[in-house]
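Data block below; observations after.
The values are calculated or read from the model by the stated rules, or taken from the named source; none is laboratory data. Since we're looking at a predicted model, the values are computed, not measured. Here the Cβ positions follow ideal geometry from the backbone for every residue, glycine too, while neighbour counts run over all protein chains shown. The accessibility values were calculated without ligands, DNA or RNA, using every heavy atom of the protein model including side chains. Shrake-Rupley method; radii C 1.70, N 1.55, O 1.52, S 1.80 Å.
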Amino acid sequence: MTFTLSNFYRSAEWVKLRETLMFERQNAQGEILCEHCGKPIVRKYDCIGHHKAALTEGNVNDIRISLSPDNIMLVHHACHNRIHNKLGNTPKQIYLVWGSPCSGKSSYVSTVREQGDLVIDIDNIWQCLSGCDRYIKPPQLKSNVFGVRDLLLEMVKYRRGKWINAYVIGGYPLIGERERIIKSLGAREIFINTPYDECVARLKASADKREYAEWIKYVDDWWRTANLPPPPGYRVKRTGEDC
């Protein structure tokens, strides 16, 4: 396979190497320690493989650089951003952050983004354009909301602006849709793999203005549509059955 910067991080070779390094670099307690800050990397999706010698279109097919364990550090996502910001003239990084409703996508991005990063979150756009409380989405504004989102995605695609990192947040349960966006934007994906039961528990405990009956349907529909193994605790509920 011929690599490009757009497809390298989704290649089988990279995925296998990253998994191997994560296994081999566990300490006696089964923890992966960030090689930048020294603290444990608690969540698998928060573990980024950072190339000490930066990848370019000119060297990405040199496996002595792109697939050399000696050239790869395992670091927190936030630490990865700090390393690149410190280096200065680094290429723009785009991340597609996807997962079930109530999985914590927006919360995760809020912990790793830096000032000046671009965040495209459809819920933020709805709230901004409508002036309503979060998760209240007047249907009259749907075309405007998605028009703004598409304009922002176009800015990301053509790297307009001075941002360094861009985060595109959404459910994206269909693999074909994810593939299209990743290919179009040259993005790396981050799957927020929160279990179904935990998503439901978060929904029940939510202090915001989500309607439970409406949002449990969104959660169930996402798990039904996603191309993933059925999660523990998940089953399709019958009409009239309590959620």
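Mind checking which residues of the range 162-180 are among the small types (Gly, Ala, Ser) and surrounded by 12 or more Cβ atoms within 10 Å (Cβ to Cβ)?
The initial filter retains those residues of the range 162-180 that are among the small types (Gly, Ala, Ser), namely 166, 170-171, 176.
The answer is 166, 170, 171.
When you scan the range 1-40, how many residues do you find that are of a type in the set (A, V, I, L, M) and either open to solvent by 50 Å² or more (accessible area, probe 1.4 Å) or over 21 Å from the mean Cα position of the chain (by Cα) (or both)?
So the first thing to find is which residues in the range 1-40 are of a type in the set (A, V, I, L, M), and the list is 1, 5, 12, 15, 17, 21-22, 28, 32-33.
From what is left, the residues that are either open to solvent by 50 Å² or more (accessible area, probe 1.4 Å) or over 21 Å from the mean Cα position of the chain (by Cα) (or both) are 1, 5, 12, 15, 28, 33.
Residues flagged as of a type in the set (A, V, I, L, M) and either open to solvent by 50 Å² or more (accessible area, probe 1.4 Å) or over 21 Å from the mean Cα position of the chain (by Cα) (or both) within the range 1-40 amount to 6.
For the range 207-223, the candidate set comprises residues that are part of a helix (DSSP H, G or I), among the aliphatic types (A, V, I, L, M) and farther than 18 Å from residue 170 by Cβ; within that set, the residue that is modelled with the highest pLDDT is 216.
Annotation: of all residues in the range 41-52 being out of contact with any His (no Cβ under 7 Å at 6 or more places or on another chain) and either in contact (Cβ under 8 Å) with a residue 24 or more places away in the chain or open to solvent by 60 Å² or more (accessible area, probe 1.4 Å) (or both), the one that is nearest to residue 13 (Cα to Cα) is 49. Among the residues of this structure, residue 88 does not count as one that is at pLDDT below 95, open to solvent by 30 Å² or more (accessible area, probe 1.4 Å) and within 22 Å of residue 152 (Cα to Cα).
Within the range 124-141, one or more residues are on the phi < 0 side of the Ramachandran plot, in contact with a helix residue (DSSP H, G or I) (Cβ under 8 Å, 6 or more places away or on another chain), part of a loop (DSSP other than H, G, I, E, B) and of a type in the set (Val, Ile, Thr).
What number of residues in the range 183-206 are within 17 Å of residue 5 (Cα to Cα) and in contact with a Ser or Thr (Cβ under 8 Å, 6 or more places away or on another chain)? Let's see the steps before the verdict.
First, pick out the residues of the range 183-206 that are within 17 Å of residue 5 (Cα to Cα): 183-190.
So of that shortlist, the ones also in contact with a Ser or Thr (Cβ under 8 Å, 6 or more places away or on another chain) come out as 183, 186.
Matching residues across the range 183-206 total 2.
For the residues 120, 63, 48, 94, the requirement of being in contact with a Gly (Cβ under 9 Å, 6 or more places away or on another chain) and either among the charged types (D, E, K, R) or under 22 Å from residue 18 (Cβ atoms) (or both) singles out 94.
Of the residues 196, 167, the single one that is of a type outside the set (A, V, I, L, M) and in contact with a Lys or Arg (Cβ under 8 Å, 6 or more places away or on another chain) is 167. I'd like the residue in the range 53-68 that is more than 19 Å from residue 95 (Cβ to Cβ) and touching a Ser or Thr at 6+ places or on another chain (Cβ under 8 Å) and, out of all such residues, is most open to solvent (accessible area, probe 1.4 Å). Only one residue tops the list, namely 57.
Looking for something in contact with a helix residue (DSSP H, G or I) (Cβ under 8 Å, 6 or more places away or on another chain), in a loop (DSSP other than H, G, I, E, B) and charged (D, E, K, R) - is there at least one such residue anywhere in the range 2-22? No, because not a single residue in the range 2-22 is in contact with a helix residue (DSSP H, G or I) (Cβ under 8 Å, 6 or more places away or on another chain), in a loop (DSSP other than H, G, I, E, B) and charged (D, E, K, R).
Considering every residue within the range 69-80, establish whether at least one is out of contact with any Lys or Arg (no Cβ under 8 Å at 6 or more places or on another chain), free of Cβ contacts under 8 Å to residues at least 60 places away in the same chain, surrounded by fewer than 15 Cβ atoms within 10 Å (Cβ to Cβ) and over 23 Å from residue 116 (Cβ atoms). Taking every residue of the range 69-80 in turn, at least one turns out to be out of contact with any Lys or Arg (no Cβ under 8 Å at 6 or more places or on another chain), free of Cβ contacts under 8 Å to residues at least 60 places away in the same chain, surrounded by fewer than 15 Cβ atoms within 10 Å (Cβ to Cβ) and over 23 Å from residue 116 (Cβ atoms). Considering the range 125-139, the residues that are surrounded by 15 or more Cβ atoms within 10 Å (Cβ to Cβ) and without any contact (Cβ under 8 Å) to a residue 40 or more places away in the chain include one that is nearest to residue 166 (Cα to Cα), namely 125.
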